[in-house]
Amino acid sequence: MTKRTIAFVLSLGSAIGLTLFLKEPQFSDSQTYVLFLLFFSIGLWLTEAIPSFAVGLFIIAFLVFSLGNKWFNSEPQDIGKYANTFSGSVIWLMMGGFFLATALTKTGLDADLLKFTLRVSGATPKRILMGLMLTTMIASMLMSNTATTAMVIAAVTPLLTNLGKKSTITKALLLGVPLAASVGGMGTIIGSPPNLIAAGALENAGITIDFLHWMLYGLPLAIVITAVGYVLLIKLYVKDNRPISVEFLKKGGVESITGDLRSKRKIVMVVLVATLVLWMTSSMHHLSVAAVAAIPIVFLPMTGVMGNSDVRGLPWDTLLLVAGGLSLGLSLQETGLLSHYAGKIVTMQLSPLTLLCLFAFMSMLFSTVMSHTATSALLVPLGMAILPEYKIQISMITGLAVSTAMLLPVSTPPNAIAYSTGFLDLKDFRVVGSIVGLLGPALVVLWVLALG
């Protein structure tokens, strides 16, 4: 048997065992099925027995067949809401971000931004690290942190190769970029899928968090944690601050841009600016951020900036994972399982502050070994059920704290991309990942509570 087969069997067996152990006599068929699905999905995500997006598809299919079929359920439910998560506002908003990221990469505007930043920052290791981390943090607020990390690391690979694996500067750069990418995603509502899940859960509860409102929560945290990471990396790795060669920046340039590419770059800039302005002013014109996402989705293909191959190359697997996570969270709410176990936790008589801190560190710990999106999809609705008077606080804390998990290469896609270069070892993630993992959730709780 292969490792994946063994992992699948163990996940299935553990899910069945836990379901039988925790099932209570008064549970309906739907509650029992969802309880099993919760444990089985977590097991599959933890062990990676099957691809994470496949777990999302399985969740939707399982809910449709088990909750909506009279042959399997004594009280069949309307399963439309579980299947329709893929067409929800969260998915459309993410898709708009993916379209923008693809257009920026295709036209070379992302690389130009990076080159400009490096030229401005200078040639000393401290300045290069600062420039890369700032660029990565800002870019991750507008586009996928995975795409941002891949872009930045690909651009500096010649420099990394020149420095070599044994160089501490190489380690500083490769640890700083994914750190800035992960926490940079906290800065805007479109920065990472957990942000969207938290905002979506609040919207379902009748509370709207617009683009600027989210930035008030996330942007200061992104800046502070990035700064802490920068100082930590300087102390650990940058002992010699003599200038280093950046000759690779001289390759290419504006003269290589053709007339057709130049016109496409102008189109992308207009679409990007229009989208960002409308996102940031949504409280004024009352268009939802998901509706504004239609601008890049519609106009980039219409103007020829993106073609069939570009659309096929979008990260549809991430969208499937998010849709599955949303369906799982919705099923926990709709079947009453969340409120049932929330009542049990309430009887423990923990203070709201204790529970908020508990959820912050649970979010970080779970996200260390499983999908950030899946973690937020599980914990946000649970927290809202336990603390109904603190819906904004618990949702924001959970949605933001998951981005502080970066202890392992598998903790985040940016970490995995950095590790895939071959310049880092597993142990290189431990110190920075541990400090950010402990300090990050604490800062999130303090800032969210300070805002009220």
| query | Is there a residue in the range 344-352 that is at pLDDT 80 or above, part of a loop (DSSP other than H, G, I, E, B) and within 30 Å of Gly452 (Cβ to Cβ)? | reply | yes
| request: Report those helices (runs of 4 or more DSSP H) wholly inside the range 3-98 carrying at least 2 residues which are out of contact with any Phe, Trp or Tyr (no Cβ under 6 Å at 6 or more places or on another chain) and buried (at least 16 other Cβ atoms within 10 Å of the Cβ). | output: 3-22, 29-47, 52-68
| Only one of (1) surrounded by fewer than 23 Cβ atoms within 10 Å (Cβ to Cβ); (2) part of a helix (DSSP H, G or I) is not met by Ala323, so which one is it? | (1)
| request: Considering only the range 411-428, state which residues are assigned to a helix (DSSP H, G or I) and over 19 Å from Ser192 (Cβ atoms). | output: Tyr419, Ser420, Leu426, Lys427, Asp428
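Quick one: would you say Leu163 is in contact (Cβ under 8 Å) with a residue 12 or more places away in the chain and touching a Gly at 6+ places or on another chain (Cβ under 7 Å)?
For Leu163, the condition - in contact (Cβ under 8 Å) with a residue 12 or more places away in the chain and touching a Gly at 6+ places or on another chain (Cβ under 7 Å) - is not met.
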| field | Test: Leu196 is surrounded by fewer than 17 Cβ atoms within 10 Å (Cβ to Cβ), of a type in the set (A, V, I, L, M, F, W, C) and in a helix (DSSP H, G or I) | value | no
| message | Condition first: part of a loop (DSSP other than H, G, I, E, B) and among the hydroxyl-bearing types (Ser, Thr, Tyr). Now tell me which residues in the range 200-225 satisfy that. | response | Thr208
| field | Enumeration of residues in the range 203-222 that are over 19 Å from Met284 (Cβ atoms) and at pLDDT below 85 | value | Asn204, Ala205, Gly206
| field | Output for the range 234-280, where each listed residue is modelled with pLDDT under 80 and either assigned to a helix (DSSP H, G or I) or crowded, with 17+ Cβ neighbours inside 10 Å (or both) | value | Val246, Glu247, Phe248, Leu249, Lys250, Val254, Glu255, Ser256, Gly259, Leu276, Trp279, Met280
| note | Reported set for the range 381-410 where residues are surrounded by fewer than 24 Cβ atoms within 10 Å (Cβ to Cβ), in a loop (DSSP other than H, G, I, E, B) and either at pLDDT 80 or above or of a type in the set (Gly, Ala, Ser) (or both) is Leu387
| field | Checklist (1) closer than 24 Å to Phe86 by Cβ; (2) in contact (Cβ under 8 Å) with a residue 40 or more places away in the chain; (3) of a type in the set (A, V, I, L, M) applied to Met364, failing item | value | (1)
| For the range 318-335, does any single residue satisfy the condition of being at pLDDT below 80, among the charged types (D, E, K, R) and not assigned by TED's automatic domain parsing to the domain that holds Gln77? | no
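The values are calculated or read from the model by the stated rules, or taken from the named source; none is laboratory data. Note that the coordinates shown come from a computational prediction; the quantities given were computed from them, not determined experimentally. Heads up, the Cβs are rebuilt from the backbone with ideal geometry, glycines too, and the neighbour counts pull from every protein chain shown.
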